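Bear in mind that the values in this text are calculations on the coordinates, not laboratory data. Quantities reported herein were computed from a predicted structural model and do not represent experimental measurements. Positions of Cβ are backbone-derived with ideal geometry, glycine not excepted, and every protein chain shown enters the neighbour counts.
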Amino acid sequence: MEKKITKEEVVAAQKAWGEGIVEIGKVFIEKGDYKSRAEEHIRDLYAYEQSEVLFKPTLAADVQFRKTFAQALSYFVGGSVSEDNGFAIKPWAKVRFCEQQIITEVNFALAMGNYYFTPVGDNEETKVEYSFAYTKDSQGKLRISLHHSSLPFSPS
């Protein structure tokens with residue numbers, strides 16, 4: 001019998017995601033191969049190689065949904081989608097997840113809440129709302145199959 005995904009596994013996956021975003025920016029600052037680091041981040045954490053991924057990035061407006069690995073890479077470091085400036089190469093000094101709810105089952109887990117991004121050289125965080133869904137790959141590793149992020153509603 002398969003074991004239910006645990007909240008600890010979800011929190012660990014979130015931590016790895018945040019650390020990966022920070023690391024991509026660090027490699028960019030150091031003039032290293034940040035694109036390869038971003039490719040590794042996506043391959044390691046997203047389910048693009050296992051299944052379809054539903055990805056709606058925070059700052060996507062013209063191409064709201066990123067159906068392919070190449071489109072996800074473009075969002076993180078710039079590339080094939082003209083509106084992309086490279087979210088992960090802003091760069092960010094810190095990413096923290098909080099104020100969340102997590103639902104876990106055997107084959108999937110859902111997490112929803114806020115995460116906060118602190119840019120390098122500044123202490124003012126940007127609050128972003130997120131929903132992530134995770135599935136397990138054939139080796140039992142959590143993979144992101146849904147990633148939806150948006151800035152909080154701001155009345156006009």
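Quick notes on this structure:
- The chain: most fluctuating residue of VAL22, VAL95, VAL106 per GNM, C-alpha cutoff 10 Å: VAL106
- Once both labels are positioned 7 Å from their Cα atoms along Cα-to-Cβ, the gap between ASP33 and ASN85 label points is 2.8 nm.
- Each of (i) 8.2; (ii) 9.8; (iii) 10.7 is a candidate for mean projected area of the Cα convex hull in nm²; the one calculated from this structure is (ii).
- Modelled label reach - THR104, point 7 Å along Cα→Cβ, segment 1-29 residues with backbone N closer than 16 Å: 2-16
- For segment 7-150, relative contact order (Cα pairs under 8 Å, six or more residues apart, normalised by length) works out to 25 percent.
- For the pair HIS148 and ALA12, label points projected 7 Å from Cα toward Cβ lie 2.8 nm apart.
- Measuring between alpha carbons in the structure, the pairs from LYS4/LYS31; LYS67/LYS127; LYS3/LYS127; LYS67/LYS90 lying more than 31 angstrom apart are LYS4/LYS31; LYS3/LYS127.
- For GLU19 and GLU124, a Förster radius of 25 Å and the Cβ-Cβ distance give a FRET efficiency of 0.75, rounded to the nearest 0.05.
- Mean residue ellipticity, 222 nm, helices only, the chain: the sum of -39500 (n - 2.57) across DSSP H runs of n ≥ 4, divided by residue count and rounded to 500, is -9000 deg cm²/dmol.
- Within the chain, percent of DSSP bridges classed antiparallel, to nearest 5: 90 percent
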